[in-house]
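J.: Have a look at the structure that comes next, please.
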Amino acid sequence: MRRLLSLLLLLGAACQEAPLVPSKAPLRTSPARQVLFKAPAGFERLRILVPPVLERASIEKAYSKLVEYLSRQLGVPVELVIAESYQDVVDRSTSGDVEAVMLSPYTYALAMEKKRLPCLVQMIGDGSATAAGYIVVREESAIRSVNDLPGTRFGFVDRASTSGYVYAVKTMLDQGVDPHKHLGSVEFLGNHEAVLLAVYEGRVDAGATYQGALSSLKRSRDIDPLSFRIIGKTERTPRDILCVKPELPVPVREELQRLLLLLTVRDRVGRDLLTPMAVNGFQPPDDAAYDGVRRVAAEIRAWDATP
């Protein structure tokens, strides 16, 4: 009877565990298994461009193991390239300056307006293919809600940042706070860690960031996430999407997609590669998932253009 009860409990737990990758993804094999890939003639390196979401050292540390893994599997050097700004990501991805680019939701929408790029995978984090943005203050701040923001010093990331600007502005406008008219001052600080540090050090009163930035700051600076209070949450958006330039050979494109779709934190190899990135795995791309980002971005661009 005791053995039967244990078996039923195990079966129940297994049924409740949702798959991280949709059923349309190819069948998995262990990423630890070596599959020999012969690089086509002329393919000598792979450069992956990423936006400056965090401080440079944090990004390099997060991606280092994945870059090494892809280099081994593809048989060519794989290089991580960190963009100077979010607009730089858009410009370099559409100019063909790099072979692959990890695009945040709004930079993806901007890039695809200029040039259609083949896309391979979307990130999954915290068990979800979507994420929210936060508006944060210091824990001891007298600011309790978005409605308390008028007159404050506010820190954004970049005008092309999804949660660090576009959706944060949308959240304020929806609650009757117009950043152009009501905020005391505005700074664009370049990345999410910089925004959180400015709030933490009192250089701004509040700031906009994405939900994973608090954990990133804990890893990089050992600053307790409880040092901050979340006073506003944005609508959820899809996570980042990896695209490649159209000229990248199809065999390379297919192998890169296959390698990434194999990775999951449910096995030791995937956990070792993905945990530093705060990623659970990847799923096949879905362009329609970014339609909401396009709509909100158009609304905010129209507002931004209004005197």
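J.: According to a simple spin-label model (label point 7 Å from Cα along Cα-to-Cβ), what is the distance in nm between R236 and A298?
T.: Calculated label separation equals 2.4 nm.
J.: Per residue of region 180-192, what does 6.51 cos²θ - 1.76 cosθ + 1.60 with θ = phi - 60° give for ³J(HN,Hα)? Whole Hz please, x for Gly and Pro, Karplus curve as stated.
T.: After applying 6.51 cos²θ - 1.76 cosθ + 1.60, I find 5, 9, 9, 6, x, 7, 9, 10, 9, 9, x, 8, 6 Hz.
J.: Could you calculate the contour length gain from H180 to E139, that is, 0.36 nm times the residue separation minus the distance between their Cα atoms, to one decimal place in nm? Intermediate values should be presented prior to the final figure.
T.: Values: separation 41, 0.36 × 41 = 14.76 nm, distance 2.56 nm.
Answer, rounded to one decimal: 12.2 nm.
J.: How large is the dipole of the chain about the Cα centre if only Lys and Arg carry +1 and Asp and Glu carry -1, each at its Cβ, rounded to the nearest 20 debye?
T.: On the way: 39 positive and 37 negative charges, 208 e Å.
Roughly 1000 debye for the chain.
J.: Rounded, prolate or oblate: which fits region 219-307 when a ≥ b ≥ c are the square roots of the eigenvalues of the alpha-carbon gyration tensor, with rounded for a/c under 1.5 and prolate only if a/b beats b/c?
T.: Working: a/c = 2.65, a/b = 1.19, b/c = 2.23.
Oblate, since a/c reaches 1.5 and b/c is not below a/b.
J.: Another question about this same structure. Once amide H atoms are built 1.01 Å from N in the peptide plane, which residues 5 or more positions from A83, or in another chain, come under 5 Å H to H?
T.: V50
J.: Quote the convex hull volume per residue of region 108-202, based on C-alpha atoms, as a whole number of Å³. Spell out each step's value before the answer.
T.: Details: hull volume 12.5 nm³, N = 95.
Convex hull of Cα atoms, per residue: 132 Å³.
J.: Starting from 0.36 nm per residue, how many nanometres of slack lie between D148 and R45 once their C-alpha separation is accounted for?
T.: Stretched fully, the D148-R45 segment lengthens by 32.0 nm.
J.: Right, here's the next one. For every other residue with a beta carbon closer than 15 angstrom to the beta carbon of S227, add +1 if it is Lys or Arg and -1 if Asp or Glu, then tell me the sum. Let's see the in-between values first.
T.: Values: positive: R138, R203, K218, R219, R221, R229; negative: E139, E140, E193, E201, D205, D222, D224.
Counting the neighbours of S227, the net charge comes to -1.
J.: Based on the alpha-carbon gyration tensor of the chain and its eigenvalue square roots a ≥ b ≥ c, which shape applies: rounded if a/c is under 1.5, prolate if not and a/b is larger than b/c, or oblate?
T.: Working: a/c = 1.93, a/b = 1.33, b/c = 1.45.
Judged from the Cα gyration tensor, the chain comes out oblate (a/c at least 1.5, b/c at or above a/b).
J.: Please list, in order along region 53-69, the HN-Hα scalar couplings obtained from phi with the Karplus expression 6.51 cos²θ - 1.76 cosθ + 1.60 (θ = phi - 60°), rounded to whole Hz, x for Gly and Pro.
T.: 5, 10, 4, 3, 4, 5, 5, 4, 5, 5, 8, 4, 6, 5, 4, 5, 4
J.: Given the peptides 116-125, 138-147, arrange them by the average over their residues of other C-beta atoms within 10 Å, most packed first. Walk me through the numbers on the way to the answer.
T.: Working: 116-125: 20.3, 138-147: 13.3.
Per-residue Cβ counts within 10 Å, averaged per peptide and sorted highest first, yield 116-125, 138-147.
Values quoted throughout were computed directly from the atomic coordinates according to the rules given, and no laboratory measurement underlies them. Remember, it's a predicted structure, so these values are computed and weren't measured experimentally. FYI the Cβ positions are ideal-geometry reconstructions off the backbone, even for glycines, and counts take in every protein chain you see.
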